[in-house]
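Presented below is the structure to which this report refers.
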Amino acid sequence: MEILVLLKQVPATESMIAIAGDGVSIKTDGLKYVINPYDEIAVEEALKIREDQGGAVTVVTVGPAKATEAMRTAMAMGADKGILIDPGDTVCDGLSVAKILAAAVKEMPCDLIVAGHRAVDDDNFQVGPAVAELLGLPNISMVVKEEISDGKISWTCTVEGGTTEVEAPLPALISTQRGLNEPRYASLPGIMKAKKKPLETKSLADIGLDADSVAAKVVVKGLRVPAERQGGRLIEGDSVQTKVAELVKLLKEEAKVI
Amino acid sequence: MTVLVIAEQVDGVFRKVTFEALTAARTLGSEVHALVLGSGIEAAAAELGAYGAAKILVADDDALADYTVDAYTNVAADIIGQVNPAAVIIGATTQGKEFSARLSARLDAPMASDCIAVKLEGDQVVASRSMYGGKIIADVVLTGTPAVVSLRPNTFTAEQAPSDGAVEKVAAKIGDARTRVKGKQLESGKIDLTEAEIVVSGGRGMGGEDFSSIEALADALGAAVGASRSAVDEGWRPASDQVGQTGKTVSPNLYIACGISGAIQHLAGMSSSKVIVAINKDPEAPIFSKADYGIVGDLFEVVPAVTEEIKKNL
Ligand SMILES: Cc1cc2nc3c(=O)[nH]c(=O)nc-3n(C[C@H](O)[C@H](O)[C@H](O)COP(=O)(O)OP(=O)(O)OC[C@H]3O[C@@H](n4cnc5c(N)ncnc54)[C@H](O)[C@@H]3O)c2cc1C
Ligand SMILES: Nc1ncnc2c1ncn2[C@@H]1O[C@H](COP(=O)(O)O)[C@@H](O)[C@H]1O
């Protein structure tokens, strides 16, 4: 089983995000970066499948050289090798990234691709299904359980109001959701081993692309910070009863939401 | 210009976000068309005329009875090729987000997902969407056609605008579709978190898997039940109930957080709610600084009292 994991490095979710001077990007200095939480789940699932079925797990990332930190962490968890495609100065949108990933993996042996269902920085919910489309593979999102047998994969995925079970032939692409597994921690020996695992860096030209062929169609005009919520109104009263009566009155008469 | 809204329905019942999308589409285009995919849905489709769809295209086929991304993409891409809309609008449900992503790749078209505003500037679609768990809002220009936009549920108001809404059957070219739905477990009558007008959530303060007080309050309000990640990690609630940066994003009219401290990752999923109520025994809990109304107290006393008070007032 040749398994590819699409892995993105993102700022940690607790980061303070500030807008840079250009108004269209964020300040990156001082940010702590991690593996996108859903991609960590993807790595874990890939490792489990490899443990069960044999094969190799390759992490594939589009990003700057710094993103190799996240790739090394995935290798410390157990992934076998990595490929980084560094697009340099090329400005990418979600579809650009999908095109780069599709071009990079097209020539690689692959039975299964595992992605996250969204990256928690751009929140695009896009790259997984787009890569599958560009490669002509079936895909399914929000997977919470999978089972592989006889060249087929069955998934359980969450939808509004419940779950569905879906089946498709391999190769295929799945996007992870919380609940699929609990990612393992990188062990100390794992971290030592990861340093020696193969990690290749490629440019767009190396995979037969140029800046024009992946030019972003979605252009950021400006970033802004949403208005701060003005909270902090505590309801006072002598007893739970009086507080609750006041709350319900406010919800009805002032906020008009019930 | 023509805007095509792709409807989402379950057993002939449209999701509310479809009506919201039709309303938003009217502000963009002079001509709004709707596309419904499914099986045995022709009769139900006529309802979309009430929200201003001038034409309702229906792709009706047994193979479309259940949503699968490959069959739906094949059919929709074919129809989009014929209608040639300037924009395609979809509700940003679980299905809608996946569908729009695959569709935009097929059409080599720009896409913006989970948008909270959308407008026309000149002949270009400009959309606003949140990033970094709602810490940033990006205004983005979609260059190229069709602009594929998914809209966050509960963010746009659905308003009726009756039109003739002629239903027109269109060919469903299913093509190569390799995914197959084997089974479904849907809780009928359950209000979905992302579309609910009111959400009542419980956190670690619930102290265990007994969420009956929260459920009773939700019942009284006709609300959906959500949870913090801690409550999910403890195994008290399913992962699909999780609200937050690594869970669902909800924007109900009213969000009631019970025994939830208000960590930044939780706020990421609910701070666009219109009104927030916090019930927490710790007056220093960060949730109070975001809540419109707060009650400091033991949730096991406060929540049942709120339920009683609401029942009295209905
Ligand atoms: C990468 C990452 C992603 C994450 N994603 C999410 C996410 O999507 N969603 C999410 O929710 N969290 C997420 N978290 C976790 C988040 O950081 C918090 O740990 C979590 O939200 C805390 O949940 P809580 O408020 O229920 O628990 P706690 O922080 O433990 O708070 C419990 C609260 O209950 C109150 N309480 C206790 N007993 C009572 C009582 N009897 N009556 C009234 N109040 C009481 C306490 O005063 C306290 O404020 C994420 C974390 C990371 C690192
Ligand atoms: N730059 C990237 N490199 C590798 N994988 C990515 C990249 N961006 C997104 N992905 C994958 O696509 C998923 C969805 O991301 P997004 O569409 O950006 O929200 C992520 O969870 C990753 O698995």
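The values are calculated or read from the model by the stated rules, or taken from the named source; none is laboratory data. Please read these numbers as outputs of a predicted model, since none were measured by experiment. In this analysis, Cβ positions are derived from the backbone assuming ideal geometry, glycine residues included, and neighbour counts consider all displayed protein chains.
Restricting attention to region A:48-71, does a residue exist that is within 16 Å of ligand 1 (Cβ to nearest atom), within 18 Å of the chain's Cα centre (by Cα) and surrounded by 21 or more Cβ atoms within 10 Å (Cβ to Cβ)? Walk me through it before giving the result.
Residues of region A:48-71 that are within 16 Å of ligand 1 (Cβ to nearest atom), as a first pass: A:70.
Filter once more, so that each one left must be within 18 Å of the chain's Cα centre (by Cα): A:70.
Subset that is surrounded by 21 or more Cβ atoms within 10 Å (Cβ to Cβ): A:70.
For region A:48-71, residues within 16 Å of ligand 1 (Cβ to nearest atom), within 18 Å of the chain's Cα centre (by Cα) and surrounded by 21 or more Cβ atoms within 10 Å (Cβ to Cβ): present.
Could you run through region B:205-254 and say how many residues are assigned to a loop (DSSP other than H, G, I, E, B), within 11 Å of chain A (Cβ to nearest Cβ) and more than 13 Å from ligand 1 (Cβ to nearest atom)? Show your work before the answer.
Here is the first cut: in region B:205-254, the ones assigned to a loop (DSSP other than H, G, I, E, B) are B:207-211, B:222-223, B:228, B:234-238, B:244-247, B:249-253.
Subsequent filtering for residues that are within 11 Å of chain A (Cβ to nearest Cβ) retains B:222-223, B:235, B:237-238, B:244-247, B:249, B:252-253.
Cutting the leftovers down to more than 13 Å from ligand 1 (Cβ to nearest atom) gives us B:222-223, B:235, B:238, B:252-253.
The number of residues fulfilling the criteria is 6.
Report the residue count in region B:187-232 for those that are closer than 19 Å to B:Ile276 by Cα, under 22 Å from the mean Cα position of the chain (by Cα) and among the polar types (S, T, N, Q).
Total meeting the criteria: 3.
Taking the stated definitions as given, is A:Pro198 within 21 Å of A:Glu2 (Cα to Cα) and either within 16 Å of ligand 1 (Cβ to nearest atom) or within 8 Å of chain B (Cβ to nearest Cβ) (or both)?
no
So which of A:Ala211, A:Ala168, A:Ala186 ends up being surrounded by 15 or more Cβ atoms within 10 Å (Cβ to Cβ) and within 9 Å of chain B (Cβ to nearest Cβ)? So that I can check it myself, show each step before the final result.
Details: A:Ala211 fails: within 9 Å of chain B (Cβ to nearest Cβ); A:Ala186 fails: within 9 Å of chain B (Cβ to nearest Cβ).
Checking each option against the conditions leaves just A:Ala168.
Between B:Val125, B:Val141, which is crowded, with 23+ Cβ neighbours inside 10 Å and part of a strand (DSSP E or B)?
None of the other options fit; the residue is B:Val125.
Among the numbered criteria (1) over 15 Å from B:Gly202 (Cα atoms); (2) touching a helix residue (DSSP H, G or I) at 6+ places or on another chain (Cβ under 7 Å); (3) within 12 Å of ligand 1 (Cβ to nearest atom), which single criterion is violated by B:Gly297?
Failing condition for B:Gly297: (1).
Could you tell me whether B:Val58 is part of a strand (DSSP E or B), away from every other protein chain (no Cβ under 14 Å) and more than 20 Å from the chain's Cα centre (by Cα)?
Working: part of a strand (DSSP E or B): yes; away from every other protein chain (no Cβ under 14 Å): yes; more than 20 Å from the chain's Cα centre (by Cα): yes.
Here the answer is yes, as B:Val58 does meet what is asked.
A quick yes/no check of all residues on (1) more than 14 Å from chain A (Cβ to nearest Cβ); (2) surrounded by fewer than 22 Cβ atoms within 10 Å (Cβ to Cβ); (3) touching a residue at least 40 places away in the same chain (Cβ under 8 Å):
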position: B:Ala25; (1), (2), (3): yes, no, yes
position: B:Ala44; (1), (2), (3): yes, yes, no
position: B:Ala54; (1), (2), (3): yes, yes, yes
position: B:Asp62; (1), (2), (3): yes, yes, no
position: B:Ala76; (1), (2), (3): no, no, yes
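Between a first residue in region B:277-291 that is at the interface with chain A (Cβ under 7 Å from one of its Cβ atoms) and in a loop (DSSP other than H, G, I, E, B) and a second residue that is surrounded by fewer than 24 Cβ atoms within 10 Å (Cβ to Cβ) and charged (D, E, K, R), which pairs have beta carbons less than 8 Å apart while being 6 or more apart in sequence or on different chains?
Filtered contacts from region B:277-291: B:Lys290/A:Arg229; B:Ala291/A:Arg233.
Identify the residue in region B:255-269 that is within 11 Å of chain A (Cβ to nearest Cβ) and in a loop (DSSP other than H, G, I, E, B) and, among all such residues, is farthest from B:Val302 (Cα to Cα).
Step by step, filter region B:255-269, then rank; the result is B:Ala263.
In region A:122-146, which residue that is within 16 Å of ligand 1 (Cβ to nearest atom) and not charged (D, E, K, R) is farthest from A:Gly222 (Cα to Cα)?
For region A:122-146, the residue satisfying everything is A:Val144.
When you go through (1) more than 27 Å from A:Asp123 (Cβ to Cβ); (2) touching a strand residue (DSSP E or B) at 6+ places or on another chain (Cβ under 6 Å); (3) more than 10 Å from every other protein chain (Cβ to nearest Cβ) one by one for A:Lys243, which number turns out not to apply?
If we test A:Lys243 against (1) more than 27 Å from A:Asp123 (Cβ to Cβ); (2) touching a strand residue (DSSP E or B) at 6+ places or on another chain (Cβ under 6 Å); (3) more than 10 Å from every other protein chain (Cβ to nearest Cβ), just (3) comes out false.
For A:Val143, all conditions in the list (1) within 11 Å of chain B (Cβ to nearest Cβ); (2) touching a residue at least 24 places away in the same chain (Cβ under 8 Å); (3) within 15 Å of ligand 2 (Cβ to nearest atom) hold save one; what is the number of the exception?
In the conditions (1) within 11 Å of chain B (Cβ to nearest Cβ); (2) touching a residue at least 24 places away in the same chain (Cβ under 8 Å); (3) within 15 Å of ligand 2 (Cβ to nearest atom), A:Val143 misses (1) alone.
When region B:300-314 is examined, which residues are found to be without any contact (Cβ under 8 Å) to a residue 60 or more places away in the chain, away from ligand 1 (no atom under 12 Å from the Cβ) and either at the interface with chain A (Cβ under 7 Å from one of its Cβ atoms) or assigned to a loop (DSSP other than H, G, I, E, B) (or both)?
Pass one, region B:300-314, residues without any contact (Cβ under 8 Å) to a residue 60 or more places away in the chain: B:301-302, B:305, B:308-309, B:312-313.
Narrowing further to those that are away from ligand 1 (no atom under 12 Å from the Cβ): B:305, B:308-309, B:312-313.
Those that are without any contact (Cβ under 8 Å) to a residue 60 or more places away in the chain, away from ligand 1 (no atom under 12 Å from the Cβ) and either at the interface with chain A (Cβ under 7 Å from one of its Cβ atoms) or assigned to a loop (DSSP other than H, G, I, E, B) (or both): B:Ala305, B:Glu309, B:Asn313.
What are the residues in region A:97-121 that are at the interface with chain B (Cβ under 7 Å from one of its Cβ atoms) and either at pLDDT below 95 or within 16 Å of ligand 1 (Cβ to nearest atom) (or both), if any? Even if it seems obvious, please write down each step before you answer.
Quick first cut of region A:97-121, residues at the interface with chain B (Cβ under 7 Å from one of its Cβ atoms) only: A:98, A:120-121.
Of everything in region A:97-121, those that are at the interface with chain B (Cβ under 7 Å from one of its Cβ atoms) and either at pLDDT below 95 or within 16 Å of ligand 1 (Cβ to nearest atom) (or both) turn out to be A:Val120, A:Asp121.
For the subset of region A:171-183 comprising residues that are over 21 Å from A:Val105 (Cβ atoms) and touching a Phe, Trp or Tyr at 6+ places or on another chain (Cβ under 8 Å), which member is surrounded by the fewest Cβ atoms within 10 Å (Cβ to Cβ)? Write out each step before concluding.
First, pick out the residues of region A:171-183 that are over 21 Å from A:Val105 (Cβ atoms): A:177-183.
If we keep only those that are touching a Phe, Trp or Tyr at 6+ places or on another chain (Cβ under 8 Å) as well, we get A:177-178.
Working: A:Gln177: 24, A:Arg178: 22.
Ranking the qualifying residues of region A:171-183, first place goes to A:Arg178.
Out of B:Ser272, B:Ser261, report the one residue that is surrounded by fewer than 23 Cβ atoms within 10 Å (Cβ to Cβ), near ligand 1 (Cβ under 7 Å from one of its atoms), in contact (Cβ under 8 Å) with a residue 12 or more places away in the chain and not charged (D, E, K, R). Before the answer, list the steps.
On the way: B:Ser272 fails: near ligand 1 (Cβ under 7 Å from one of its atoms).
After ruling out the rest, the residue left standing is B:Ser261.
Would you say A:Ile153 is surrounded by 20 or more Cβ atoms within 10 Å (Cβ to Cβ), away from ligand 2 (no atom under 11 Å from the Cβ) and facing chain B (nearest Cβ under 8 Å)?
Values: surrounded by 20 or more Cβ atoms within 10 Å (Cβ to Cβ): yes; away from ligand 2 (no atom under 11 Å from the Cβ): yes; facing chain B (nearest Cβ under 8 Å): no.
So A:Ile153 does not fit the description; no.
Can you tell me which residues in region B:108-122 are facing chain A (nearest Cβ under 10 Å) and either assigned to a strand (DSSP E or B) or surrounded by fewer than 24 Cβ atoms within 10 Å (Cβ to Cβ) (or both)?
Step one: filter region B:108-122 for residues facing chain A (nearest Cβ under 10 Å), giving B:108-114, B:116, B:121.
Within region B:108-122, B:Asp108, B:Ala109, B:Met111, B:Ala112, B:Ser113, B:Asp114, B:Ile116, B:Glu121 meet the criteria.
Only strands (runs of 3 or more DSSP E) wholly contained in region A:1-95 count here; list those with 2 or more residues that are within 14 Å of ligand 2 (Cβ to nearest atom) and touching a helix residue (DSSP H, G or I) at 6+ places or on another chain (Cβ under 6 Å).
Working: elements: A:2-6, A:9-11, A:33-35, A:56-62, A:81-85.
Once the strands (runs of 3 or more DSSP E) in region A:1-95 are filtered for at least 2 residues that are within 14 Å of ligand 2 (Cβ to nearest atom) and touching a helix residue (DSSP H, G or I) at 6+ places or on another chain (Cβ under 6 Å), what remains is A:2-6, A:56-62, A:81-85.
Taking the stated definitions as given, is A:Ala132 within 12 Å of ligand 2 (Cβ to nearest atom), surrounded by 24 or more Cβ atoms within 10 Å (Cβ to Cβ) and away from chain B (no Cβ under 14 Å)? Reasoning before the result, please.
Numbers: within 12 Å of ligand 2 (Cβ to nearest atom): yes; surrounded by 24 or more Cβ atoms within 10 Å (Cβ to Cβ): yes; away from chain B (no Cβ under 14 Å): no.
It is false that A:Ala132 is within 12 Å of ligand 2 (Cβ to nearest atom), surrounded by 24 or more Cβ atoms within 10 Å (Cβ to Cβ) and away from chain B (no Cβ under 14 Å).
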